[in-house]
1. For GLN124 and ASP150, what does the FRET efficiency come to when R0 = 30 Å and r is the distance between their Cβ atoms, rounded to the nearest 0.05?
2. Of the accessible area of segment 82-158, with the probe set at 1.4 angstrom, what percent is carbon plus sulfur?
3. Given labels modelled 7 Å from the Cα in the Cβ direction, how far is it in nm from TRP74 to TYR112?
4. For THR99, project a label point 7 Å along Cα to C-beta. Then give me every residue of segment 119-163 with its amide nitrogen under 12 Å of that point.
5. With a point put 7 Å past each Cα toward its Cβ, work out how far ALA44 is from LYS133 in nm, to one decimal.
6. Express in nm, to one decimal, how much length is gained between ASP181 and ARG29 on full extension, taking 0.36 nm for each residue of separation and deducting their alpha carbon distance.
7. When only Cα pairs under 8 Å and 6 or more residues apart are kept, what is the percent relative contact order across segment 99-193?
8. Would you be so kind as to identify which of HIS140, THR191, PRO180 lies farthest towards the positive end of the dipole of segment 134-193, taking Lys and Arg as +1 and Asp and Glu as -1 on Cβ and the Cα centre as origin?
Amino acid sequence: MTASVPRQGTSPEEPEQPAEDRRHKIRRRALTLAIIVLLIGVPAGYLVISANQSRDSGKDKEKKYSATGLTAHWPSRLQQRLYDVPVPPYSKHLAYYETNNWRTSRLYVQFYTSNAGLERFLDQIGTSTAALKKGEMAVHARDRRIVGWDFSGPGPWYGLVNKRKSPAPTHDIVVNRSNPDHPMVYVVSRTVP
């Protein structure tokens, strides 16, 4: 024989709730689903987007810092200020390359400018066109090899070494005046960190 468990009756204080109709049940489930999507899906989507942006940023930086040679672009303003290489406005054929190690940091910059631009550039770094010496190859062979500069083309070629007291950078400058109105300028700015 099995013992039967008595059923508990409904409390007279609690009113009996009507059965949930189909429309109300669908609306409740849709609301629950929307809340779950908002609480879980939105943060998860944000994390995925953030991770992709972070990874892309790292790839851009890796590409920039793994470059082995001149990059056809303006050096950043920070680089121009640190290495004291104020590239004149409206310069063309601009390219740069930066190297750093524990002894010396170098910024290699080349640009095509006007005579006024050259005078302005040299004035801003504390020298002048009068200091340029014909035939002087101020950029060392090692530095030329690093960026692939070849100074054997038509000239005349002028150069100067702008030595300054540390911590100010030293500039090795070579100017190609094969076009008398628009010189091509090659600069190696060295600084000791």
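1. Values: r = 27 Å, r/R0 = 0.91.
Step by step, r from the Cβ atoms, then E = 0.65.
2. Its accessible area is 49 percent carbon and sulfur atoms.
3. Placing both labels 7 Å along Cα→Cβ, they lie 1.8 nm apart.
4. Answer for this model: 140-149.
5. 7.2 nm
6. 47.0 nm
7. Details: 169 pairs, mean separation 35.9, N = 95.
Relative contact order comes out at 38 percent.
8. In segment 134-193, that residue is THR191.
The values are calculated or read from the model by the stated rules, or taken from the named source; none is laboratory data. Since we're looking at a predicted model, the values are computed, not measured. Every residue, glycine among them, receives a Cβ derived from its backbone with ideal geometry; neighbour counts consider all protein chains shown. In case anyone asks, the SASA skips ligands and DNA or RNA and just uses the protein heavy atoms, side chains included. Shrake-Rupley method; radii C 1.70, N 1.55, O 1.52, S 1.80 Å.
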